[in-house]
Amino acid sequence: MSIFLNEKYKNLEVYTPGEQPQDMKYIKLNTNESPYPPSPGVVAAINAEQIENLRLYSDPECNKLREAMANLYGVKKENIYLSNGSDDILNFSVMAFCSDNTPAAFPEISYGFYKVFAELHNVTYKTIPLKEDFSIDYKDYMGLNSFIVIANPNAPTGRYLSLEEIEQIIKGNPNNVVLIDEAYIDFGGESVYPLTKRYKNLIVVGTFSKSRSMAGARLGFAIADQDLIDDLNRIKYSTNPYNINRLTLAAGEAAIKEDRYYKENCKRIINTREYTQKNLCDLGFTVVPSKANFIFAKSDKISGQALYENLKKRGILVRHFNMSKINDYNRITIGTVEEMQTFIKTVKEILEEVK
Ligand SMILES: *Cc1c(COP(=O)(O)O)cnc(C)c1O
């Protein structure tokens, strides 16, 4: 830290991303990326012409991609906002919708960035405990007088709230924005974006990073009433109007055209998730029911930390959170069937050794 850093950032606890080690090839089950590459159209879209065009700024309005997405989702282009990853949208939303009078509120165990963005912008926040089984009780979210953020399915638990439950939360907070972070919605949940037509206080946030195999491209989106989208644009045009680069826009447009490819991959991942869950249960693990592309599991034969370390030694990365209430668990991203077979076999070997 230099002596020049603004006081207000000195105690900031930054977000810790999952490891992206470059030293050797791991089976990477730690950051919820897709095991499948982007669709063929995306690979073809990043061509020499696109690269030559890099001398030009990208379209700040992202018109083509917003139109394509509006078609796919059955909303108007004016209801779509695009940004450099959905993290960007979470950040901008805290800037736009929180103030001294409007704190933030989110589940006690959830995506680590919510707390970081609140602290970054000096916003007070309350965290709402989960139930014993890690589920969220929508009744705990009535009349909070706060900007509410909920990941659905939640991370890192994989637990899921139904559309009806989310609707109760939206109705229970008519004077505040409710942001539903649907990073994992394509793995078996029902998106609540159709509710944006009826509720002016709902923002649904999605990403191309997980189900659309493009974590490295950085592309996130929001669907909401036009007034909320205008608010996000206010922040974007005061920060960086070109925050999505040309190659990412081209990749995104191609991906939307091949939506079926991604839906097929999601089905495969769901099947592999069921396979992995069953096999972990057979090994005596407690597995939290998941509607995401990961599962959250613990064993009473080995600590969360020890399992994480033993797997890493054998070339498999999973995510362990050194936090009270969840440090017995590991979050395991669902890879290909072959990767998960190797994972299960390796877990078996580790359990044999510690017996
Ligand atoms: C992965 C993830 C994101 C981040 O997505 P990007 O679009 O890659 O920034 C947002 N929210 C949750 C809950 C996530 O797990």
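Every number here is computed from the coordinates shown, using simple stated rules; none is lab data. Model, not experiment: these values are computed from the prediction. No Cβ is skipped: glycine too gets one built from the backbone with ideal geometry, and neighbour counts run over all protein chains shown.
Some values worked out for this structure:
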item	result
Reduced Cα scattering model of segment 2-42, Debye log10 I(q)/I(0), q = 0.24, 0.27, 0.31 Å⁻¹	-0.92, -1.02, -1.12
Efficiency of FRET from Cβ geometry, PHE4 and ASP259, R₀ 51 Å, rounded to 0.05	0.60
Under 17 Å from LYS76, Cα to Cα: aspartates and glutamates that are on another chain or at least 8 residues apart	GLU61, GLU67, ASP225, ASP227, ASP230, ASP231, GLU253
In segment 206-237, the trypsin sites (Lys or Arg not before Pro) that fall in loop regions by DSSP, at most 14 other Cβ within 10 Å	none
R0 of 25 Å, Cβ-Cβ distance THR239-LYS64: FRET efficiency to nearest 0.05	0.70
Cα→Cβ-extended label distance, 7 Å offset, between LYS171 and SER99, nm	2.9 nm
Cross-link pairs beyond the 22 Å C-alpha cut-off, checked among LYS139/LYS236; LYS64/LYS257; LYS115/LYS298	LYS139/LYS236; LYS115/LYS298
Length-normalised contact order of segment 40-257 in % [C-alpha pairs under 8 Å, at least 6 apart]	29 percent
Phi to ³J(HN,Hα) by Karplus 6.51 cos²θ - 1.76 cosθ + 1.60 over segment 89-106, Hz, x for Gly, Pro	6, 4, 4, 4, 5, 4, 4, 6, 10, 10, 7, 4, 8, 10, x, 9, 9, 7
Sites matching trypsin sites (Lys or Arg not before Pro) across segment 125-209 that sit in DSSP coil, with at most 13 neighbouring C-beta atoms within 10 Å	LYS131, ARG198
Span from the segment 1-39 Cα centroid across to the segment 196-223 one, whole angstrom	20 Å
Hull shadow area, averaged, segment 40-257 [alpha-carbon convex hull, nm²]	11.7 nm²
